[in-house]
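Read the figures in this text as sums done on the coordinates, not as results from a lab. The structure displayed is predicted, hence computed values, not measured ones. Quick reminder, even Gly has a Cβ in these numbers, built from the backbone with ideal geometry, and neighbours come from all protein chains shown.
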């Protein structure tokens, strides 16, 4: 039995209505996903900015200035290499400040330059392996702080060796004790900078019980 024209028209309208509702539901789902992604991006940006700020404050604890630490944190948490202009914009610092601290980070071995095909600008990326960062910091602090301190102490010991006055003997004794302690710190730094991650974890586990 053939359907009447009115019946066919009604079915067609019903199908169009259903298709429209399905389309609207899909669009709502897409819109919800976009809002979710945008909210996540905003939250990630705020959290990352907080980390960069706090890492900068901690920089002095391991021997670098605040801006240098912030640049390191910015590059360490970036999913792609950044230019000097990117660093300037993100941290609101001058070109000279960005350039100077990037050079210093490269000297520390915490940041490296990256060549990107088709780009004339210089790009930078940070070492992201946490243990490698710790090894690098230990090695550089030894070179920049411990070794010069040892040099001063040993020079003072050599100059005061054999002096006879009580005050001079006390001075020599103090220099020798300091030299022994700093020498120990130097050896520890050598051990840390030379350790592989797996061995370091095993050693820490033993020490901590």
Extension reserve of the residue 186-residue 51 stretch, reckoned as 0.36 nm per residue once the Cα distance is removed: 45.5 nm
Output ordering of 95-101, 117-123 (per-residue mean of other Cβ within 10 Å, highest first) is 95-101, 117-123
Tell me, 53, 31 in order of fewest to most beta-carbon neighbours within 10 Å? 31, 53
When every alpha-carbon pair in the stretch 34-88 is counted, what percent end up more than 17 Å apart? 44
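Take 124, 171 and order them by how many other Cβ atoms sit within 10 Å, fewest up front.
Taking fewest neighbouring Cβ atoms as first place, the list is 171, 124.
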So for 60, 160, fewest C-beta neighbours within 10 Å to most, what's the order? 60, 160
